[in-house]
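Asks: I'd like to ask some things about the structure below.
The values are calculated or read from the model by the stated rules, or taken from the named source; none is laboratory data. Given the structure is predicted, the values throughout are model-derived calculations rather than measurements. Quick reminder, even Gly has a Cβ in these numbers, built from the backbone with ideal geometry, and neighbours come from all protein chains shown. SASA here: full protein model, heavy atoms, side chains in, ligands and nucleic acids out. Shrake-Rupley method; radii C 1.70, N 1.55, O 1.52, S 1.80 Å.
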Amino acid sequence: MPRLKLVPASPDLAGAELELSRIDRREGLLSRAIRPRLAEYDEVLIDCPPSLNLLTINALVAADRVLVPLQCEFYALEGLAQLMRTIERVQRALNPGLALHGVLLTMYDRRNNLCELVAADVRGHFGDKVYDTVIPRNVRVSEAPSHGMPVLIYDHRCPGSQAYTRLAAEMLRRGAAA
């Protein structure tokens, strides 16, 4: 895709946690590696697994902002609370410029009352930090990776693709307002 560069993870990354544990100033390794090249890009997105390990800490130290995708499920709220504590610790000790950019509600199913409750709880706590765009639970979004495609190419008309298009527009609006 024009103007898009990806640096994919590999299975080798699984051993990185152990390797990183032996390095001095390991929390800033990713930041030191990418900072000299940031001017070459409009945006750099670092996708992290939902675990709070040393790789995620490296990403938080390297980042300016955090976008938290949150599944509309009860246990995700517990994970969100833990992530927020981790972000606060990283801000205090390693990256004072780190900010919560927003929370994105995902895998939303309006037929499920729990989704409504989770969404209301998150909006009540985080207010305007929660994106207006909500990503619905959608089979086509789940199928796209198995075909090696982004959902916008796999099926640009499905509700998931339409939601991601609205999200991109909302992110651009928020970025322009910041």
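Asks: Considering (1) of a type outside the set (S, T, N, Q); (2) closer than 30 Å to Glu116 by Cα; (3) surrounded by 10 or more Cβ atoms within 10 Å (Cβ to Cβ); (4) free of Cβ contacts under 8 Å to residues at least 24 places away in the same chain, say which one Glu19 fails and leave the rest.
Replies: Condition (2) is where Glu19 drops out.
Asks: What tally of residues in region 50-81 results from selecting those that are outside any helix (DSSP H, G or I), small (Gly, Ala, Ser) and touching a Leu at 6+ places or on another chain (Cβ under 8 Å)?
Replies: 1
Asks: Sticking with this structure for a sec: Pick from Arg32, Arg26: which is more than 26 Å from Ala168 (Cβ to Cβ) and out of contact with any Leu (no Cβ under 8 Å at 6 or more places or on another chain)?
Replies: Arg32
Asks: Going by the structure shown, is Ala81 closer than 23 Å to Leu60 by Cβ and without any contact (Cβ under 8 Å) to a residue 12 or more places away in the chain?
Replies: yes
Asks: I'd like to know if region 124-140 contains one or more residues that are of a type in the set (Val, Ile, Thr), assigned to a helix (DSSP H, G or I) and surrounded by 12 or more Cβ atoms within 10 Å (Cβ to Cβ).
Replies: For region 124-140, residues of a type in the set (Val, Ile, Thr), assigned to a helix (DSSP H, G or I) and surrounded by 12 or more Cβ atoms within 10 Å (Cβ to Cβ): absent.
Asks: Looking only at region 48-81, how many residues end up being under 20 Å from Leu94 (Cα atoms), open to solvent by 50 Å² or more (accessible area, probe 1.4 Å) and either modelled with pLDDT of 90 or more or in contact with a strand residue (DSSP E or B) (Cβ under 7 Å, 6 or more places away or on another chain) (or both)?
Replies: Adding up the residues that qualify gives 3.
Asks: Scan region 91-119 for residues that are free of Cβ contacts under 8 Å to residues at least 60 places away in the same chain and hydrophobic (A, V, I, L, M, F, W, C) and jot them down.
Replies: Ala93, Leu98, Ala99, Leu100, Val103, Leu105, Met107, Leu114, Cys115, Leu117, Val118, Ala119
Asks: Restricting attention to region 141-178, which residues are in contact with a Pro (Cβ under 7 Å, 6 or more places away or on another chain) and either open to solvent by 50 Å² or more (accessible area, probe 1.4 Å) or more than 22 Å from His101 (Cα to Cα) (or both)?
Replies: Ala144, Pro159
Asks: Report, by residue number, each residue of region 82-106 that is assigned to a helix (DSSP H, G or I) and open to solvent by 40 Å² or more (accessible area, probe 1.4 Å).
Replies: Selection gives Gln82, Arg85, Glu88, Arg89, Gln91, Arg92, Ala93.
Asks: Taking region 107-120 as the search range and keeping residues that are touching a strand residue (DSSP E or B) at 6+ places or on another chain (Cβ under 7 Å) and of a type in the set (A, V, I, L, M), which one is most open to solvent (accessible area, probe 1.4 Å)?
Replies: The residue in question is Met107.
Asks: State all residues of region 107-123 that are among the basic types (Lys, Arg) and part of a helix (DSSP H, G or I); if no residue qualifies, say none.
Replies: Of everything in region 107-123, just one residue is among the basic types (Lys, Arg) and part of a helix (DSSP H, G or I), namely Arg123.
Asks: Mind checking which residues of region 48-72 are over 14 Å from His101 (Cβ atoms), under 12 Å from the mean Cα position of the chain (by Cα) and touching a residue at least 24 places away in the same chain (Cβ under 8 Å)?
Replies: Pro50, Thr56, Gln71 - these are the residues of region 48-72 that are over 14 Å from His101 (Cβ atoms), under 12 Å from the mean Cα position of the chain (by Cα) and touching a residue at least 24 places away in the same chain (Cβ under 8 Å).
Asks: I'd like to verify a number: residues in region 141-178 that are in a loop (DSSP other than H, G, I, E, B) and more than 20 Å from Asp109 (Cβ to Cβ), how many?
Replies: Qualifying residue count, region 141-178: 5.
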